[in-house]
Amino acid sequence: MIFYKKTYFCRKNYSFCEKIKVILEIQLSDKMAKDKKEIKSTWTTGSLKIAFGLKEILENYPLLDKWIAVEIDEISVAERERLEVLRLRLLKNFRSWNEETLKMKFISPILELIDYDFEDFQTLFDTEIKGTVDGIDLKVITDFTVARAIDDVIQTPYFYFHEYKRKKNNTDDPIAQVLIPSLIATELNHDNQPIYGCHVIGEMWYFMLVNGREYAVAKGIDATDKKGLERIFLILKKVRTIIENFSKK
């Protein structure tokens, strides 16, 4: 009877119920966004260094240098043409795009060109990864992950965590947001392999590598520059090659 009364009430007051529904959906969306932000804002680069004894290598780090060393002539004509379309799109809009628009209109099309989904590896977006490192519980929602996974459950995160950050009004710590899942992955994988990652701020891409308790961040690459974007693309392709080679061992 109570259910009937509620149903009858909504039929008689459809507009009112629709407004309530919209308000509840907005509140739920805001809560999810808030929860994600709270998870992301717990740690800073400095606090991670202190808690886990992390050491930043400022220059001349062979593992990172080898990864980002690429030859521009390895890009096909079709890839180069597609990259140029995306580069001009970014050049026109990067100052005004928010994080989601940057992701959908620029970053995602580049990742699709590479196709990280092969064998039992998957690409996962907005997926929580958690683990215990040195007795401390860590968790973070990664914007992009390549991992062995079943459905959306990460089993073995491999190599690559990707954070997207908008250029305007951003107060997050993007390096920390790559370090956290990298520490968790190192703990879960038990294979002594480095973790490869990247964070993006507007038009600038910063590749970084975490190896045990050491990490290094490469100098930013400007994606609005033609040669810069081609280099970014080749570095991303190299991640897939690294994963393929490791999976064969």
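Throughout, read-outs are computed from the coordinates displayed, never taken from laboratory work. Computed from a predicted structure; not experimentally measured. Here Cβ is always computed from backbone atoms with ideal geometry, including for glycine, and neighbour counts include all displayed protein chains.
What to note about this one:
- When segment 57-100 is described by a simple charge dipole with +1 on each Lys and Arg Cβ and -1 on each Asp and Glu Cβ, the residue from Ile72, Leu83, Leu58 located farthest towards its positive end is Leu83.
- Taking Lys and Arg as +1 and Asp and Glu as -1, the other residues whose beta-carbon sits under 12 Å from that of Thr186 total -3.
- Net charge dipole, segment 67-116: roughly 440 debye, given to the nearest 20, about the Cα centre with Cβ charges of +1 for Lys and Arg and -1 for Asp and Glu.
- Listed values for segment 173-178 are Karplus-derived 3J(HN,Hα) couplings in whole Hz (6.51 cos²θ - 1.76 cosθ + 1.60, θ = phi - 60°), namely 10, x, 5, 4, 6, 8, and x replaces Gly and Pro.
- Exposure proxy ranking, count of Cβ atoms within 10 Å, fewest first, for Tyr116, Tyr206: Tyr206, Tyr116
- Neighbour counts of other Cβ atoms within 10 Å put Val146, Val85 in the fewest-to-most order Val85, Val146.
- Summed side-chain charge close to Lys130 - residues other than Lys130 whose Cβ falls under 12 Å, Lys, Arg +1, Asp, Glu -1: -2
- In sequence order, segment 95-101 has phi-based couplings of 6, 10, 5, 8, 4, 5, 5 Hz under the Karplus curve 6.51 cos²θ - 1.76 cosθ + 1.60, θ = phi - 60°, and Gly or Pro positions carry x.
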